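Here is the structure we will look at, set down as structure tokens.
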Amino acid sequence: MNIDATEQYTATSQAPEVLVQLFAHAGIQFNGSHAWDIQVHDNRLYREILTKGSLGFGEAYMKGYWECQHLDDMFYRLLGANLNERIKSVTKLKFIGEVLRHRVFNLQKSSRAYEVALKHYDIGNDLFTKMLDPSMSYSCAYWANAHTLEDAQFHKLEMICRKLELKAGEHLLEIGCGWGGLAYHAAKYYGVKVTGITVSKEQQRYAQTKCKDLPIEILLVDYRELTGQFDKIVSVGMFEHVGQKNYRTYFNHAHACLKDDGLFLLHTIGDYVTSHKTDAWIEKYIFPNGKLPSAKEIARSIERKFVIEDWHNFGQDYDQTLMAWWYRFEQAWPELSQHYDETFYRMWKYYLQSCAGYFRCKQGQLWQIVLSKRERAHIYRSYR
């Protein structure tokens with residue numbers, strides 16, 4: 001493969017051979033006849049890929065340089081063939097720079113903790129209320145015995161509460177409480193007191209209104225500011241914002257806040273390999289400073305702190321969840337388009353469907369890990 005292909009690029013109707021060969025590994029063609037093929041509308045697409053890798057590929061889609069009938073299927077094939085790894089040989093210097101940035105700098109330090117809220121979670125509750133189910137659960141649903149998004153999210157919330165063995169009167173800490181769906185469920189159906197924390201002002205405002213008649217407190221704080229002790233701890237879809245330089249700090253705080261006989265459930269996306277960078281497009285446009293952990297990174301970080309009681313993977317359920325969100329977003333677009341432009345529409349479509357492909361090909365995992373201290377005397381029985 002010629003890594004100097006950018007020097008040979010000319011604005012013709014033909015894709016550079018290096019890209020033709022690269023995408024052929026995944027069975028994807030430029031201007032092919034399959035629903036997963038890339039239809040090129042502007043030849044600047046090729047330079048975007050050759051010079052910027054995945055960032056350029058996504059930005060070119062946002063600009064309308066290319067289209068695909070089934071984006072999710074295209075990404076399933078692309079990521080299933082590990083093209084995200086193969087592209088490194090084409091955009092080598094860009095890749096090295098991304099790795100160094102993540103390894104040298106602490107992108108998730110306290111002073112940057114609120115950036116992801118400003119960039120993503122605070123963009124508009126109108127968007128999320130239209131896209132998500134009524135519980136406002138913005139994390140993987142559990143589809144084993146469900147046929148609708150509402151049921152699948154209810155089953156997920158119920159499974160979390162049962163895995164935590166919640167009992168009336170207990171005090172539950174939720175690290176990253178989102179819009180309050182889990183806190184509401186736990187307090188209403190299990191009689192627990194909940195302290196939830198978030199870095200999003202919009203989430204805090206929504207959750208406080210939703211949970212105002214229940215024993216629930218929603219705080220706008222970073223997890224590093226936590227004090228006190230709790231019977232149980234849960235964290236759903238927040239660990240992806242912690243970063244590898246802070247994993248030990250995160251688990252140290254959770255350990256200090258958990259009573260000796262308590263349980264801690266961590267619900268997180270995970271990558272099937274350890275990586276020292278984040279997809280450049282996702283980081284720039286969706287989740288700034290994000291970092292997906294690997295199983296090895298989690299296991300190493302909890303050593304001498306926690307015992308693993310249960311490790312449950314249902315990552316492929318995220319594919320169905322993301323596509324359900326996409327259908328709801330698409331249906332609501334006529335109304336949402338009054339507040340968001342066409343570029344946002346293409347960005348959001350690319351985000352949801354590329355992530356669906358990521359989980360469909362099993363590069364992406366979804367883990368629920370139940371942890372305890374060694375001091376806990378009770379035997380833990382797994383729940384599904």
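Region 52-124 holds helices (runs of 4 or more DSSP H) entirely within its bounds, and those carrying 1 or more residues that are closer than 18 Å to ALA280 by Cβ, modelled with pLDDT of 90 or more and within 19 Å of the chain's Cα centre (by Cα) map to 54-62, 71-80. Contact annotation: residue pairs with Cβ atoms under 7 Å, 6 or more positions apart or on different chains, pairing a residue in region 342-367 that is polar (S, T, N, Q) with a partner that is buried (at least 20 other Cβ atoms within 10 Å of the Cβ) and part of a helix (DSSP H, G or I), are GLN353/LEU71; GLN353/ASP72; GLN353/PHE75; GLN353/TRP326; SER354/LEU71; SER354/PHE75; GLN363/LEU79.
Yes or no, residue by residue, for (1) surrounded by 19 or more Cβ atoms within 10 Å (Cβ to Cβ); (2) more than 19 Å from the chain's Cα centre (by Cα); (3) polar (S, T, N, Q); (4) not assigned by TED's automatic domain parsing to the domain that holds TRP367:
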position	(1), (2), (3), (4)
GLU158	no, yes, no, no
ALA168	no, yes, no, no
ILE175	yes, no, no, no
LEU182	yes, no, no, no
HIS185	yes, yes, no, no
THR195	yes, yes, yes, no
SER200	yes, no, yes, no
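Identify all residues within region 353-374 that are of a type in the set (D, E, K, R) and either over 16 Å from the mean Cα position of the chain (by Cα) or part of a loop (DSSP other than H, G, I, E, B) (or both); write none if there are none. LYS362, LYS373, ARG374 - these are the residues of region 353-374 that are of a type in the set (D, E, K, R) and either over 16 Å from the mean Cα position of the chain (by Cα) or part of a loop (DSSP other than H, G, I, E, B) (or both). The number of residues in region 18-51 that are at pLDDT below 95 and acidic (Asp, Glu) comes to 1. Within this structure, TYR142 fails the test of being assigned by TED's automatic domain parsing to the domain that holds CYS355 and at pLDDT below 95.
Applying the criterion of being farther than 26 Å from PHE314 by Cα and of a type in the set (S, T, N, Q) to the residues of region 238-269, the residue that is nearest to the chain's Cα centre (by Cα) is THR249. No other residue among ALA280, ALA324, ALA377, ALA356 is at pLDDT below 95 and either of a type in the set (Phe, Trp, Tyr) or surrounded by 20 or more Cβ atoms within 10 Å (Cβ to Cβ) (or both) apart from ALA280. Whether any residue in region 27-37 is of a type in the set (A, V, I, L, M, F, W, C), touching a residue at least 12 places away in the same chain (Cβ under 8 Å) and within 19 Å of ARG346 (Cα to Cα) is what I want to check. Checking region 27-37: at least one residue is of a type in the set (A, V, I, L, M, F, W, C), touching a residue at least 12 places away in the same chain (Cβ under 8 Å) and within 19 Å of ARG346 (Cα to Cα).
Yes/no per residue for (1) among the basic types (Lys, Arg); (2) closer than 21 Å to GLY237 by Cα:
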residue	(1), (2)
ARG304	yes, no
ASP310	no, yes
GLU330	no, no
LEU336	no, no
HIS339	no, no
PHE344	no, no
LEU352	no, yes
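The values are calculated or read from the model by the stated rules, or taken from the named source; none is laboratory data. What you see is a predicted model; the values in this text were computed from it and never measured. Note that each Cβ is placed from the backbone with ideal geometry, even for glycine, and that neighbours are counted across all protein chains shown.
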